[in-house]
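S.K.: Right, I'll just put the structure down here and ask away after.
No lab work stands behind these numbers, since they all come straight from the coordinates. Remember, it's a predicted structure, so these values are computed and weren't measured experimentally. Neighbour counts are summed over all protein chains in view; Cβ atoms, including those assigned to glycine, are modelled from backbone coordinates with ideal geometry.
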Amino acid sequence: MNRTDPLSESAISNTLSESDLALINAMQLAPRADFVSIGQTLGMAPATVARRWQRLQESRVAWTTVTVGRHHQDRPMTALALITIDQARSESTVAALLDEPEIATVSSLFGEWDLLVDIFVSDIDRLRAYLPALRSIPGVTRVECRLFGSVFAEGGSWELGALDRDRHQRASMRMPPAQVSVDDLDRQIISALSQDGRASWTELAVRCGTSAPTARRRVEQLLRTGAIAIRCEVAERLVVPIVPVTFFAHAPVQDLTKIATAIANTPACRLVASMAGTHNLVATMWFPTVAQVELFERTLASRFPTLVIDERHLHDRSLKRAGHVLDAFARRTRTIPLVAW
């Protein structure tokens, strides 16, 4: 990489301060909080918060986006797929997979499988229709699909851990779930929020052909009811050391919720969900070191002897996350709005 590149890894790393990390963490807890509230939490002037956030966005180190809420009454069908590809045409095959709006996340893997992808579609019928299309992408040689059940923790739950306990409590904004149906205007708004989860009411109104009060009312309803979630993403490779691993396991049904909840409460947890099939539990963890992988497994085995880990997949890097295509340093390069709604 050119040493003069203003967006190089070293250039970004050298400009990130403890205040930047705290700001990102505050955004992870309350992505649409106003700069006044965030400033009060962090002890900064609102103008300073706004300036720092703009710089983080422009450098593509952090951004806000929208994802499926955990309490959506018609929660989209979610599946993980392990994929192998023809290495002779891997570049074009990966590019085609990244462009798929049904695929939310793509990670390259070490080992037998080449890729792990998250598929978000509206329902089981759409999944049945989509899988043949996925398998027909030139260069895809094998696909193994595994269906989600209950989600206990997802990507938006992961935090940098840069805030002390007091500031963490002040920054948190949790809302009770309810239910809501999603219509065409909501889908337009959701698509706009995928580009910028902090877009103003006026910006949303212009993009979606509605009024600012309507845009506000719709977004607040979608958030309040849990149909969507706004989350702050970060180019983690430039901020903290990460060793991502996805585990597939099985446990007795009577122990499943207890085990999943315990994993969800682990700081390294990025995802934990039940599954339908041979494996009834999946967990993706972002460990700080490789040594932590073994420690995590030993701790689980000690606490939950009925749990059996069947597979572990070590990630090379993230290529796409929640609809955002990433570069080699996990910075956002472009957005493919999800169609799960």
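S.K.: Between Gln254, Gln292, Gln40, which gets the highest mean-square fluctuation from a Gaussian network model of the chain, Cα cutoff 10 Å?
M.R.: Its mean-square fluctuation being the largest, the pick is Gln254.
S.K.: Going by how many other Cβ atoms sit within 10 Å of their own, how do Cys232, Cys145, Cys208 line up, fewest first? Mind dumping the intermediate values first?
M.R.: Working: Cys232 25, Cys145 17, Cys208 21.
Least to most surrounded, the residues fall as Cys145, Cys208, Cys232.
S.K.: Under a Cβ-Cβ cut-off of 11 Å, what is the net charge of the residues other than Ser211 that fall near it, where Lys and Arg count +1 and Asp and Glu count -1?
M.R.: Once all neighbours under 11 Å are counted, the net charge is +3.
S.K.: Quick check: Cα centre of region 266-341 to Cα centre of region 77-110, how many Å?
M.R.: 16 Å
S.K.: Among 242-248, 272-278, 60-66, what's the highest-first ranking by average C-beta atoms within 10 angstrom per residue?
M.R.: In descending order of packing, they fall as 60-66, 242-248, 272-278.
S.K.: Can you tally the net charge around Arg52? Count Lys and Arg as +1, Asp and Glu as -1, for every other residue whose Cβ sits under 14 Å from the Cβ of Arg52.
M.R.: The answer is 0.
S.K.: For Ile85, which sequence-distant residues (separation of 5 or more, or a different chain) have an amide H within less than 5 Å of its own amide H, given hydrogens modelled in the peptide plane?
M.R.: Asp114, Thr141
S.K.: Over the chain, what is the mean sequence separation of C-alpha contacts under 8 Å (at least six apart), divided by residue count, expressed as relative contact order in percent?
M.R.: 26 percent
S.K.: Of the residues Ile119, Ile24, Ile85, which exhibits the maximal mean-square fluctuation in a Gaussian network model of the chain defined by a 10 Å Cα contact cut-off?
M.R.: Ile85
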